[in-house]
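The values are calculated or read from the model by the stated rules, or taken from the named source; none is laboratory data. What you are looking at is a predicted structure, and each value in this text was computed from that prediction instead of being measured. Note that we place each Cβ from the backbone using ideal geometry, even for glycine, and neighbour counts take in every protein chain shown. Note: accessible area is taken over every heavy atom of the protein model, side chains too, but ligands, DNA and RNA are not part of it. Shrake-Rupley method; radii C 1.70, N 1.55, O 1.52, S 1.80 Å.
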Amino acid sequence: MKPWDGIISEEEQKAYHAAGFGRPSGVGKRPALLIIDVQYRTIGTIPKPFWESIKEFPTSCGDIGWNAMRNIATLLAEFRRNRWPVLYPHVAPKNKATDGGRLAQKVPSIMNIPEKGYEFPAEIAPREGDVLIPKKHPSAFFATPLVSHLIDLQADTLVVTGCTTSGCVRGSVVDGFAYNFRVLVPHDAVYDRSATSHAVNLFDMASKYADVASSAEILEKLRPMGNAAVA
């Protein structure tokens, strides 16, 4: 069963398949893991239901985010074991004097996140050798050196995790696809405050831009690559 079953009608899914969408793009030789915006501001400092969690950080997705983060931690462990690249595109603390623009107009609450909210949870925190990518916009690629790092790391396949499915994850997946990277999205390692938006965007990404599967299925695809030397 797919995450979008019951939300995207069977008739609509058939229409996409009939048009030729949704073919697998597979994996390459060297994967990189993107952990996008997994900070306390998007999950809360402890697992809580959404309506409780947003009392701490208005941008939190609550325990939905914690559930996804546990799957991210499993993926991260495999990447660390194989010494594959791990990169952290993330929103840095806002400078109210200069970081406003359209984002502050659309989502004013994001301009008032306490410093604690920008910390990475210990379960998936960066280590020495990981790449930190501060960003100011949804896509991890927009106005950042991400592509330069991926080229230097000889990565050809992206495993995109984090949040939100409909925002920064989707924007990064579309841009990664545009740069001709193979893109994998573990549907249980991305999260969103809206279950409907989560499902619809996963369906659209699976149809056009990425291979969408569970974390376990994606790990199974990656394992044969093991510690193969980079050509």
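What the table shows:
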| quantity | calculated |
| --- | --- |
| Verdict on ARG23 being among the basic types (Lys, Arg) and closer than 21 Å to ALA199 by Cβ | yes |
| Selection from the stretch 196-205 of residues that are free of Cβ contacts under 8 Å to residues at least 40 places away in the same chain and surrounded by fewer than 22 Cβ atoms within 10 Å (Cβ to Cβ) | SER197, ASP204 |
| Qualifying position, being at pLDDT 95 or above, among the charged types (D, E, K, R) and out of contact with any Asp or Glu (no Cβ under 9 Å at 6 or more places or on another chain), among LYS29, LYS55, LYS48 | LYS55 |
| Residues being surrounded by 13 or more Cβ atoms within 10 Å (Cβ to Cβ) and in contact with a Lys or Arg (Cβ under 8 Å, 6 or more places away or on another chain) - total across the stretch 213-231 | 2 |
| Of all residues making up the stretch 116-130, the number that are more than 16 Å from ASP37 (Cβ to Cβ) and in a helix (DSSP H, G or I) | 1 |
| GLN105, sole failed condition from (1) surrounded by fewer than 12 Cβ atoms within 10 Å (Cβ to Cβ); (2) more than 22 Å from GLY171 (Cβ to Cβ) | (2) |
| Flag if GLY167 is out of contact with any strand residue (DSSP E or B) (no Cβ under 8 Å at 6 or more places or on another chain), small (Gly, Ala, Ser) and open to solvent by less than 40 Å² (accessible area, probe 1.4 Å) | yes |
| Evaluation of LEU146 against (1) surrounded by fewer than 24 Cβ atoms within 10 Å (Cβ to Cβ); (2) modelled with pLDDT of 95 or more (one fails), failing number | (1) |
| Tabulated pairs, the stretch 113-134, first under 16 Å from MET69 (Cβ atoms) and open to solvent by less than 30 Å² (accessible area, probe 1.4 Å), second in a loop (DSSP other than H, G, I, E, B) and of a type in the set (A, V, I, L, M), C-beta under 7 angstrom, 6+ apart or interchain | TYR118/ALA92; PRO121/VAL38; ILE124/VAL38 |
| Which listed residue is of a type in the set (Ser, Thr, Tyr) and in contact with a Leu (Cβ under 7 Å, 6 or more places away or on another chain), from TYR179, TYR88, TYR191 | TYR88 |
| Every residue from the stretch 170-188 that is in contact with a Gly (Cβ under 6 Å, 6 or more places away or on another chain) and open to solvent by 10 Å² or more (accessible area, probe 1.4 Å) | ARG182 |
| Residue count for the stretch 24-45, restricted to those that are more than 24 Å from ILE64 (Cα to Cα) and of a type outside the set (A, V, I, L, M, F, W, C) | 7 |
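The rows are residues; the columns are (1) over 28 Å from SER148 (Cβ atoms); (2) out of contact with any Ser or Thr (no Cβ under 6 Å at 6 or more places or on another chain).
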{"residue": "LYS55", "(1), (2)": "yes, yes"}
{"residue": "GLY65", "(1), (2)": "yes, no"}
{"residue": "ILE72", "(1), (2)": "no, no"}
{"residue": "PRO93", "(1), (2)": "no, yes"}
{"residue": "ALA97", "(1), (2)": "yes, yes"}
{"residue": "GLN105", "(1), (2)": "yes, yes"}
